[in-house]
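Here is the structure we will look at, set down as structure tokens.
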Amino acid sequence: MNLHTLKNRPGAIRSKKRVGAGESSGHGKTSGRGHKGQYGRSGHKFKAVFEGGQMQLIRRIPKRGFTQAMKVIYTAVNLDQLQRFEAGSTVTPDTFAQAGLASGKKARIKVLGGGQIDRALQVKAHAFSASAMSKIEAAGGSCEVLA
């Protein structure tokens with residue numbers, strides 16, 4: 001099958017409805033628009049949100065909350081997830097991404113204090129919880145906060 005051999009299914013393409021072609025055509029006189037009113041006028045557009053003059057749904061629903069434009073979203077990594085790295089190694093955001101702990105190299109990472117760590121690691125992340133920092137340093141490792 002190639003693009004030049006494709007054909008429409010029977011009935012997929014219809015000819016345009018011809019209106020105003022006399023009363024006996026079934027589409028004469030008002031041409032299927034009814035009598036007067038905004039739908040009978042030329043130039044009327046059917047807007048998706050228009051509800052016949054009733055207050056639109058988007059304007060009836062209460063607005064709640066606030067979306068902060070400069071919000072920083074961190075990827076959380078617990079201490080027990082750091083156990084997969086060898087002792088004495090340096091763990092960076094690239095290392096987190098390769099290990100599947102972060103979605104990409106540009107992800108901002110926060111190390112949380114969930115679990116225990118029993119090896120000395122040099123951890124470089126964008127943020128640390130206080131408990132995570134104390135547990136890493138107690139195991140002989142170090143924490144470096146990236147900008």
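For segment 14-98, chymotrypsin sites (Phe, Trp or Tyr not before Pro) are listed when DSSP marks them as loop and at most 13 other Cβ atoms sit within 10 Å of their Cβ; the list is Phe46, Phe50, Phe66.
Across the cross-link table entries Lys63/Lys110; Lys71/Lys110; Lys71/Lys105; Lys63/Lys105; Lys106/Lys135, which are compared at the Cα atoms, the separations over 24 Å belong to Lys63/Lys110; Lys63/Lys105; Lys106/Lys135.
Extension gain for His4 to Phe46 (0.36 nm times residue separation, less C-alpha to C-alpha distance): 11.5 nm. Annotation: the antiparallel percentage among DSSP beta bridges lying fully within the chain is about 0.
Would you mind telling me the share, in percent, of accessible area of segment 1-116 contributed by carbon and sulfur at probe 1.4 angstrom?
52
Computed with a 1.4 Å probe over protein heavy atoms only, the accessible area of Thr95 comes to about 30 Å².
Taking a ≥ b ≥ c as the square roots of the eigenvalues of the Cα gyration tensor of segment 1-87, is the shape rounded (a/c under 1.5), prolate (a/b larger than b/c) or oblate?
Values: a/c = 6.30, a/b = 1.83, b/c = 3.45.
Taking the square roots of the gyration eigenvalues as a ≥ b ≥ c, segment 1-87 is oblate.
Other residues within the sphere of radius under 12 Å centred on the Cβ of Gly32, judged by their own Cβ, net out at +4 (K and R +1, D and E -1). Each of Gln116 and Ala12 was given a label point 7 Å from its Cα along the Cα-to-Cβ line. The distance between the two points is 6.6 nm. Counted by Cβ distance under 15 Å from Ala125, the other residues give a net charge of +3, where Lys and Arg count +1 and Asp and Glu count -1.
Annotation: amide H-H contacts under 5 Å for Arg108 (H modelled 1.01 Å from N, sequence separation of 5 or more, or interchain): Thr75. Spin-label pair Gln68-Ser129: with each label point 7 Å from Cα along the Cα-Cβ axis, the two points sit 1.8 nm from one another.
Labels on offer are (1) 43; (2) 84; (3) 68, and the one holding percent of Cα pairs over 21 Å apart computed from this structure is (3).
Here the dipole of the chain is about 1880 debye; that uses its Cα centre as origin and unit charges on the Cβ of Lys and Arg (positive) and Asp and Glu (negative).
The listed residues Asp80, Asp118, once ranked by accessible area (1.4 Å probe) with the largest placed first, stand as Asp118, Asp80. Total lysine pairs in segment 1-47 at Cα distances under 28 Å, for residues eight or more apart or on different chains: 14. Accessible surface calculations at 1.4 Å, restricted to protein heavy atoms, place the chain at 79 Å² per residue.
The values are calculated or read from the model by the stated rules, or taken from the named source; none is laboratory data. Worth saying up front: this structure is predicted, and the values here are computed from it rather than measured. Methodologically, a virtual Cβ is constructed for each residue, glycine included, from the backbone with ideal geometry; neighbour enumeration extends over all protein chains shown. Keep in mind that these areas ignore ligands, DNA and RNA; they rest on the heavy atoms of the full protein, side chains included. Shrake-Rupley method; radii C 1.70, N 1.55, O 1.52, S 1.80 Å.
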